[in-house]
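Q: Have a look at this one.
The values are calculated or read from the model by the stated rules, or taken from the named source; none is laboratory data. Everything numeric here is computed off the predicted structure, so don't read it as measured data. All Cβ positions, even for glycine, are placed from backbone atoms using ideal geometry, and neighbour counts span all protein chains on display. Please note that ligands, DNA and RNA were not included when accessible areas were found on the heavy atoms of the full protein model with its side chains. Shrake-Rupley method; radii C 1.70, N 1.55, O 1.52, S 1.80 Å.
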Amino acid sequence: GLDPAHIYVGMMRIVNSVGDGHTYVRFPKECDDFPLAVSRFGNDYRVVFASPDFAKAIGTRVVAIEGVPIDRVHELIFPLTPQDETSQYREALVPPWMTIGMLLHGLDITPESTKARFKLRDDRGAEFTVDLHSGPARPPQWAYAKSPLFREHPGEPFWYTWLPDARAIYCNWRSYKNLRENSRGLFDLAEKQHPDKLIIDLRQNAGGDYFVGLAQMVTRVRNLADINQKGHLFVLIGPFTFSAAMANAAHFRQKTAATLVGLPIGEKPNSYAEVRRVALPNSHLTLSYSVRYYKFVETGENMIRPDREIETTWEDFKSGRDPVLEWVLKQRP
């Protein structure tokens, strides 16, 4: 007798009790998303982008959804996250899920999946509400004044650029798609410029085939004698550095002189992975599940922490600053 939203949330409760981030019920294609996005900065939940129709919401704090205080919304969503992954990963999932209509309705936060009333507060303390209807947030307007480098070229799986003032190559590695071909130009550029630093950004990389990453990136970088030294090689990581990207981050630490910078990786390095999928016969939801245990850390805690931990504040975000990259660029080889 449940509607699709409550069926989905019920399935989430069961599947996420398995515990690993690779085992989950995928959001349906027809899932109702509201045209804005939320991120957490300290204790505040901020609207980081929205459709032009809701431009006044950009940058505001979220106070409540349909009268439910935002801290309570967090409490309701958090148990649906993978229960055996790190708290960093689980906490990172909560804010983006706050704008998924199916989830909010399945948790009885909203009376239906396609509508929600958000109560917001601006920096002057004035509160107001916006009535949202599900739909795409494209083209969205962002809260930052200028796009930071790592958000440039959205949708490109792998790109890089020469930063002459710092004599550094910055590489944004988001995907493993065509990695061999896509990375060829990176190493050509390194051979041409002889950079003082190579910066590999894995903060937006959700995974792929770690054997490919090991062969095409980690091993090839290790063989760059001038780069594979402390103070010359940096790998940027965060909560959403996931699956194969997490594995390759561990490889960079183990096999190269890389300094890891950013926030702790959300996925546990010793856990189940290698995904299979199946369509459930009655709900028609797609279940992803892991089939093999991998171990990437031999001793110590089951977690990959950066050598230098740096958090992005709201002031950083709205000014378009990336304090992680800024810290790297300031380091003297």
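Q: Kindly check whether there is at least one residue in the range 124-132 that is open to solvent by 60 Å² or more (accessible area, probe 1.4 Å), farther than 30 Å from ASN302 by Cα, in contact with a Lys or Arg (Cβ under 6 Å, 6 or more places away or on another chain) and not charged (D, E, K, R).
A: Yes, the range 124-132 has at least one match.
Q: Restricting the search to the range 306-330, which residues are open to solvent by 60 Å² or more (accessible area, probe 1.4 Å), part of a loop (DSSP other than H, G, I, E, B) and closer than 26 Å to HIS251 by Cβ?
A: ASP307, GLU311
Q: Separate question: As an exercise: evaluate ILE14 against (1) over 21 Å from the mean Cα position of the chain (by Cα); (2) more than 26 Å from GLU274 (Cβ to Cβ); (3) open to solvent by 50 Å² or more (accessible area, probe 1.4 Å); (4) not aromatic (Phe, Trp, Tyr) and give the number of the one condition it does not meet.
A: (2)
Q: Does ALA5 count as at negative phi and assigned to a helix (DSSP H, G or I)?
A: For ALA5, the condition - at negative phi and assigned to a helix (DSSP H, G or I) - is met.
Q: Can you work out which of the residues in the range 255-267 that are in contact (Cβ under 8 Å) with a residue 40 or more places away in the chain and not in a loop (DSSP other than H, G, I, E, B) is surrounded by the most Cβ atoms within 10 Å (Cβ to Cβ)?
A: In this case the residue turns out to be GLY262.
Q: Out of the range 183-207, which residues are crowded, with 20+ Cβ neighbours inside 10 Å and either part of a loop (DSSP other than H, G, I, E, B) or acidic (Asp, Glu) (or both)?
A: Those that are crowded, with 20+ Cβ neighbours inside 10 Å and either part of a loop (DSSP other than H, G, I, E, B) or acidic (Asp, Glu) (or both): PRO195, ASP201, LEU202, ARG203, ASN205, GLY207.
Q: Further, regarding this structure: Which is open to solvent by less than 20 Å² (accessible area, probe 1.4 Å), in contact with a Ser or Thr (Cβ under 9 Å, 6 or more places away or on another chain) and in contact (Cβ under 8 Å) with a residue 24 or more places away in the chain, of TYR170, TYR160, TYR210?
A: TYR170
Q: Any idea which of (1) in a helix (DSSP H, G or I); (2) within 29 Å of GLU267 (Cβ to Cβ); (3) touching a residue at least 40 places away in the same chain (Cβ under 8 Å); (4) open to solvent by 60 Å² or more (accessible area, probe 1.4 Å) is the one ASP71 doesn't satisfy?
A: Unmet condition: (3).
Q: While we're looking at this one, here's another question. Looking at GLY185, GLY207 in this structure, which one is out of contact with any Phe, Trp or Tyr (no Cβ under 6 Å at 6 or more places or on another chain) and among the small types (Gly, Ala, Ser)?
A: Result of the check over GLY185, GLY207: GLY185.
Q: OK, next. Only one of these conditions is not met by GLY42: (1) open to solvent by less than 10 Å² (accessible area, probe 1.4 Å); (2) under 30 Å from LYS146 (Cα atoms); (3) under 18 Å from the mean Cα position of the chain (by Cα). Which number is it?
A: Failing condition for GLY42: (1).
Q: Identify the residue in the range 1-24 that is of a type outside the set (Ser, Thr, Tyr) and touching a strand residue (DSSP E or B) at 6+ places or on another chain (Cβ under 6 Å) and, among all such residues, is farthest from GLU75 (Cα to Cα).
A: That would be HIS22.
Q: Could you list, in sequence order, the residues of the range 228-251 that are open to solvent by less than 10 Å² (accessible area, probe 1.4 Å) and either in contact with a helix residue (DSSP H, G or I) (Cβ under 6 Å, 6 or more places away or on another chain) or part of a loop (DSSP other than H, G, I, E, B) (or both)?
A: If the condition is that a residue be open to solvent by less than 10 Å² (accessible area, probe 1.4 Å) and either in contact with a helix residue (DSSP H, G or I) (Cβ under 6 Å, 6 or more places away or on another chain) or part of a loop (DSSP other than H, G, I, E, B) (or both), then PHE234, VAL235, LEU236, ILE237, GLY238, THR241, ALA244, ALA247, ASN248 are the ones that fit.
Q: For the condition part of a loop (DSSP other than H, G, I, E, B), basic (Lys, Arg) and at pLDDT 95 or above, what is the one hit in ARG180, ARG124, ARG138, ARG117?
A: That would be ARG124, the only listed residue that is part of a loop (DSSP other than H, G, I, E, B), basic (Lys, Arg) and at pLDDT 95 or above.
Q: Is one or more of the residues making up the range 268-279 assigned to a loop (DSSP other than H, G, I, E, B), open to solvent by less than 20 Å² (accessible area, probe 1.4 Å) and closer than 20 Å to TYR170 by Cβ?
A: No.
Q: Sticking with this one: When you go through (1) under 19 Å from the mean Cα position of the chain (by Cα); (2) open to solvent by 50 Å² or more (accessible area, probe 1.4 Å) one by one for TRP97, which number turns out not to apply?
A: Going through (1) under 19 Å from the mean Cα position of the chain (by Cα); (2) open to solvent by 50 Å² or more (accessible area, probe 1.4 Å) one by one, TRP97 breaks only (2).
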